[in-house]
Amino acid sequence: MKKILLALLVAIPMFAFAQAPKFGVVNTQTIAEAMPELKAAQEQVQASTQKYEEELKKLQEKIEKDFADFQALDASTPESIKERRMQDIQQQEQKMQQFHSTAMQDLQRQQAALMAPIQEKIQSAIQAVGKENNLTFIFESNVPLYVGTDVTDVTSMVRTKLGI
């Protein structure tokens, strides 16, 4: 029993002098918004979006023209011709919907591919700042419900590390 008490008496001061964990917060959104790479990525995605929108508009105009032509058929037009034209219009609408779906998926993939290096660059800078400042944890600043006085906002340090 004396040995356990002696061990506790020796260990307690070591725990008391141990450095308390240091925490940091960072706002990655403001950092990303300040990076020129983000603007370039957004411009690329916007250019692709515009091209897809133009193509969808052309498809829509073709469908509208074919439908107007269908409606302009006179009453003496055989029913089989009317059915075939209506089927063509329906197929065009299905193709347009499929194209829209494919376009949206492509834009999401493109955005993810363009954002990945930006996110990696930010993450590397956050890790470097954490190591340089001996921080135990760095949290996203927009998540905590309470931030005490012993928490360091490292957003400006990360921005400096990234040269922005």
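The values are calculated or read from the model by the stated rules, or taken from the named source; none is laboratory data. Model, not experiment: these values are computed from the prediction. A quick note on method: Cβ atoms are made from the backbone with ideal geometry, for glycine too, and the neighbour counts reach across all protein chains shown.
In the stretch 71-79, the count of residues that are exposed (fewer than 13 other Cβ atoms within 10 Å of the Cβ) and part of a helix (DSSP H, G or I) is one or more. Return yes when L114 is part of a helix (DSSP H, G or I) and either crowded, with 16+ Cβ neighbours inside 10 Å or in contact with a Phe, Trp or Tyr (Cβ under 6 Å, 6 or more places away or on another chain) (or both) and no when it is not. It is true that L114 is part of a helix (DSSP H, G or I) and either crowded, with 16+ Cβ neighbours inside 10 Å or in contact with a Phe, Trp or Tyr (Cβ under 6 Å, 6 or more places away or on another chain) (or both). In the condition set (1) surrounded by 10 or more Cβ atoms within 10 Å (Cβ to Cβ); (2) in contact (Cβ under 8 Å) with a residue 40 or more places away in the chain, K82 is compliant with all but (2). Restricting the search to the stretch 21-35, which residues are of a type outside the set (V, I, T) and in contact (Cβ under 8 Å) with a residue 40 or more places away in the chain? Scanning the stretch 21-35 gives P21, K22, F23, G24, N27, Q29, A32, A34, M35. Checking the conditions here, which among A103, A32 is surrounded by 13 or more Cβ atoms within 10 Å (Cβ to Cβ), assigned to a helix (DSSP H, G or I) and at pLDDT 95 or above? So the residue among A103, A32 that is surrounded by 13 or more Cβ atoms within 10 Å (Cβ to Cβ), assigned to a helix (DSSP H, G or I) and at pLDDT 95 or above is A103. Q108 satisfies every condition listed in (1) modelled with pLDDT of 90 or more; (2) within 30 Å of K22 (Cα to Cα); (3) within 18 Å of the chain's Cα centre (by Cα); (4) loosely packed, with under 12 Cβ neighbours inside 10 Å except (2).
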